[in-house]
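Attaching a single structure in structure tokens format; questions to follow.
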Amino acid sequence: MPAYTFPARFEYLDEIRDVVAEIARAGGFSEKTIYFLQLAADEAASNIIEHAYAGLPDAYLSMTCEMQGDEIVITMHDTGKAFNPAGVKEPNIKANLSDRQIGGLGVYLMRKLMDTVHYESTQSGNLLTMKKRKD
């Protein structure tokens, strides 16, 4: 499985989304599900860029994206600041925008869009694994 390495900057999100779409399309996912996969990958990469690296100029993230049977597996690895997704409260999406707490929406979206989202912090960095079965 090829690993892709991207500079941890927002202008590379298009390339990340393109890789996910290409592999999901080849795997037979619907265009609607491909959009959801791209959104989840975009949120994951954005969180890495914004929070794990917090603007470090020479940071990178690596991603693998592959079909395993009837599911797509997207992994992202970074060497930035560790993150505990269990500490992220589910946002109140019914509250008025002005009353909502900042943060947590990206993690919420990833959990809603994917079948499984698993995060672990290791000695070699942070590893996020997201899986989605074909409809």
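Taking the conditions exactly as written (modelled with pLDDT under 95, surrounded by fewer than 17 Cβ atoms within 10 Å (Cβ to Cβ) and over 29 Å from A24 (Cβ atoms)), does N96 satisfy them or not? Please lay out each step first, then the result.
Values: modelled with pLDDT under 95: yes; surrounded by fewer than 17 Cβ atoms within 10 Å (Cβ to Cβ): yes; over 29 Å from A24 (Cβ atoms): yes.
So N96 fits the description; yes.
What are the pairs, 6+ residues apart or on separate chains, where a residue within the range 107-118 that is more than 11 Å from L37 (Cα to Cα) and without any contact (Cβ under 8 Å) to a residue 40 or more places away in the chain has its Cβ under 9 Å from a residue that is exposed (fewer than 13 other Cβ atoms within 10 Å of the Cβ) and hydrophobic (A, V, I, L, M, F, W, C)?
Going by the 9 Å Cβ cut-off, the qualifying pairs are Y108/I93.
If you go through the range 56-74 one residue at a time, do you hit one that is assigned to a helix (DSSP H, G or I), closer than 17 Å to L127 by Cα and at pLDDT 95 or above?
No, the range 56-74 contains no residue that is assigned to a helix (DSSP H, G or I), closer than 17 Å to L127 by Cα and at pLDDT 95 or above.
So in the range 119-135, with the set limited to residues that are over 18 Å from T79 (Cβ atoms) and assigned to a strand (DSSP E or B), which one is farthest from the chain's Cα centre (by Cα)? Steps first, answer last, please.
Narrowing the range 119-135 to residues over 18 Å from T79 (Cβ atoms): 130-135.
Among the residues that remain, those that are also assigned to a strand (DSSP E or B) are: 130-133.
Working: M130: 7, K131: 10, K132: 12, R133: 16 Å.
Ranking the qualifying residues of the range 119-135, first place goes to R133.
Right, here's the next one. Hey, can you tell me all the residues within the range 3-43 that are at pLDDT below 95 and either touching a strand residue (DSSP E or B) at 6+ places or on another chain (Cβ under 6 Å) or among the β-branched types (V, I, T) (or both)?
A3 - this is the single residue of the range 3-43 that is at pLDDT below 95 and either touching a strand residue (DSSP E or B) at 6+ places or on another chain (Cβ under 6 Å) or among the β-branched types (V, I, T) (or both).
The values are calculated or read from the model by the stated rules, or taken from the named source; none is laboratory data. What you see is a predicted model; the values in this text were computed from it and never measured. Cβ atoms come from the backbone with ideal geometry, glycine included; neighbour counts cover every protein chain shown.
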